[in-house]
Amino acid sequence: MPHSIAIHGHFYQPPRENPFTGEMPRERGAEPYHDYNEKITVECYQPNAEAGNFDRISFNIGPTLINWLAQYQPRTYARIVQADRVYQQTRGAGNAIAQSAHHTILPLARRRDKITQIAWGISSFRFRFQRQPRGLWLPEMAVDLPTLQILSEHGLSFTILSEEQVRGDLRMGSGPYRVRLPDGGYFAVFVRDRFLSNQLSFDMAHIADGRKWLEWNLRARNRLALIATDGETFGHHHRDGVRLLSDLLQPDAAGYEVVALTEYLRTHPPTIEIEVNERTAWSCSHGLARWDTGCGCTPGDSGWKPVLRSALDLLADEIDAIYQYETRRLLANPWRLIEHYIDVVLGKIQATTLVREMAAGSLTGAQLSRVAQLAQAQLHRQRMFSSCGWFFEQLDRPEPRYVVAQAMRAIQLVKQATEIDLGPNFHDALCAARCGPAPRPIGDPTIRTAADLYDEWKTKNYT
Ligand SMILES: [Zn+2]
């Protein structure tokens with residue numbers, strides 16, 4: 001029996017659009033392109049689509065990125081969607097899987113936010129690929145059992161974790177394996193081959209012949225081997241990556257067969273049970289502190305990270321309390337509106353029409369638009385937990401600026417709807433999030449605390 005190999009690409013870019021205008025800023029370093037999304041499209045998304053690589057890999061594309069592709073790169077977008085459709089038609093299961101909506105670290109999120117992120121990710125997938133997803137990519141592979149339980153309750157069957165995030169009998173290679181859920185049920189987990197994934201991601205320059213490299217390495221592996229890495233590895237991080245990937249995926253490769261995960265799970269139901277190391281991630285196997293209190297993986301002083309997170313947590317509580325209070329007599333179930341609000345983001349329905357459908361009785365025009373504003377505030381409140389905000393060591397980067405701006409947009413909408421201004425307290429809370437001193441080689445000297453990021457947006461007259 002030939003060895004099986006699955007190559008999974010996680011395609012994603014940190015969102016950077018201005019929440020007040022919806023526009024992507026011109027980005028330094030992306031020249032001659034307007035921004036990095038454009039640059040990476042030319043280097044990676046488009047050539048991989050044209051080379052037919054999406055036809056054979058397993059992949060997920062972040063909902064925010066695929067939304068951008070649909071809008072600005074319609075041909076590449078259409079080619080990618082077609083790849084999944086053809087795979088589905090010829091093999092009985094598509095090769096795309098879903099991703100939760102905003103790259104939130106789900107184990108750090110409260111239960112309600114986990115549900116929203118997962119429900120929105122599934123709705124986005126269904127809108128793009130016109131079918132129900134079977135698997136879901138967890139941002140940073142950050143995992144805990146309550147998150148897997150919610151995935152299962154939403155009709156999903158599997159996710160991907162890295163070798164160092166699980167323990168138990170791994171003799172079936174990349175699996176899939178069974179993980180026992182809190183309610184007694186099971187969820188399937190594919191286990192990423194760390195060695196092969198890392199070698200392809202970080203050492204591609206030393207792989208002269210991809211097929212030989214893979215055939216050689218597969219000799220010592222059992223059944224399925226799963227390589228999972230950032231999709232941008234192929235063409236953006238490594239110029240030669242598109243060609244190498246095409247080569248690895250050639251159907252006439254004698255030594256192995258290329259499979260996609262959903263398809264493989266159907267024919268290889270998991271039998272061995274393993275355990276998950278909860279609150280770990282593929283980028284940080286020791287825990288989730290990188291996105292919370294800070295960890296040694298980023299140099300310098302991470303003291304700003306927990307302060308920024310708790311300021312946003314507090315703000316989220318206030319926004320939720322106002323939302324529930326204001327909608328208490330107007331909506332039958334305020335959280336049901338939020339679960340469906342992704343349809344507004346996707347352009348499927350007008351916000352006020354959706355509110356009317358979810359209303360407990362007939363609402364006035366003013367009530368409809370007020371509830372719609374508060375629901376839109378919930379969208380920005382979700383976006384302010386994008387994990388990219390905490391990923392790097394520096395506070396004065398586009399990603400922390402982005403999460404602060406999303407918070408400010410949510411505050412602005414709440415104020416427009418209710419005249420309650422959550423801004424001053426939020427600003428005060430941000431004052432304690434201080435930039436560390438060194439190492440900040442490209443640091444901006446005018447940014448000393450997260451409150452300076454707030455003031456920066458304010459001076460641009462957005463609020
Ligand atoms: Zn770490």
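When each of GLN412, GLN416, GLN394 is tested for being exposed (fewer than 15 other Cβ atoms within 10 Å of the Cβ), touching a residue at least 40 places away in the same chain (Cβ under 8 Å) and in the same structural domain as ILE342 (by TED's automatic domain parsing), the lone residue that passes is GLN416. Cβ-Cβ contacts under 8 Å between residues 6 or more apart (or on different chains), taken from a first residue in the stretch 162-191 that is in contact (Cβ under 8 Å) with a residue 24 or more places away in the chain and on the phi > 0 side of the Ramachandran plot to a second residue that is surrounded by fewer than 17 Cβ atoms within 10 Å (Cβ to Cβ) and not charged (D, E, K, R), are listed as GLY168/ILE272; GLY173/ASN222; GLY175/ILE272. Within the stretch 326-342, being out of contact with any Lys or Arg (no Cβ under 9 Å at 6 or more places or on another chain), over 14 Å from SER369 (Cα atoms) and either among the β-branched types (Val, Ile, Thr) or not in a loop (DSSP other than H, G, I, E, B) (or both) holds for ARG336, GLU339, HIS340.
Table: residues versus (1) over 19 Å from the mean Cα position of the chain (by Cα); (2) assigned by TED's automatic domain parsing to the domain that holds LEU245; (3) modelled with pLDDT of 95 or more; (4) closer than 21 Å to LEU161 by Cβ.
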residue	(1), (2), (3), (4)
MET24	no, yes, no, no
GLY29	yes, yes, no, no
GLY52	yes, yes, yes, no
ARG75	yes, yes, yes, no
GLN82	yes, yes, yes, no
THR104	no, yes, yes, yes
LEU108	no, yes, yes, yes
SER123	no, yes, yes, no
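Within the stretch 281-297, restricting attention to residues that are not aliphatic (A, V, I, L, M) and not in a loop (DSSP other than H, G, I, E, B), the residue that is nearest to the ligand (Cβ to nearest atom) is ARG290. Within the stretch 300-307, one or more residues are within 16 Å of the ligand (Cβ to nearest atom), in a helix (DSSP H, G or I), closer than 22 Å to CYS435 by Cβ and charged (D, E, K, R). Set side by side, the residues GLN416, GLN406, GLN394 differ, and just one is in contact with a Lys or Arg (Cβ under 9 Å, 6 or more places away or on another chain) and part of a loop (DSSP other than H, G, I, E, B), which is GLN394. Residues in the stretch 254-295 that are within 24 Å of SER386 (Cβ to Cβ), aliphatic (A, V, I, L, M) and in contact with a Pro (Cβ under 8 Å, 6 or more places away or on another chain): LEU288 only. Only one of the numbered conditions (1) farther than 22 Å from HIS286 by Cα; (2) outside any helix (DSSP H, G or I); (3) not hydroxyl-bearing (Ser, Thr, Tyr) is not met by ARG128, and that is (2).
Among the conditions (1) at pLDDT 95 or above; (2) surrounded by fewer than 24 Cβ atoms within 10 Å (Cβ to Cβ); (3) of a type outside the set (Asp, Glu), the only one that TYR45 does not satisfy is (2). May I ask you to list pairs of residues, at least six apart or on different chains, whose Cβ atoms are under 6 Å apart, with the first in the stretch 7-25 being touching a residue at least 60 places away in the same chain (Cβ under 8 Å) and among the aliphatic types (A, V, I, L, M) and the second being part of a loop (DSSP other than H, G, I, E, B) and crowded, with 19+ Cβ neighbours inside 10 Å? Going by the 6 Å Cβ cut-off, the qualifying pairs are ILE7/ILE57.
The values are calculated or read from the model by the stated rules, or taken from the named source; none is laboratory data. The structure presented is a predicted model; accordingly, all values stated were derived computationally and were not measured. In this analysis, Cβ positions are derived from the backbone assuming ideal geometry, glycine residues included, and neighbour counts consider all displayed protein chains.
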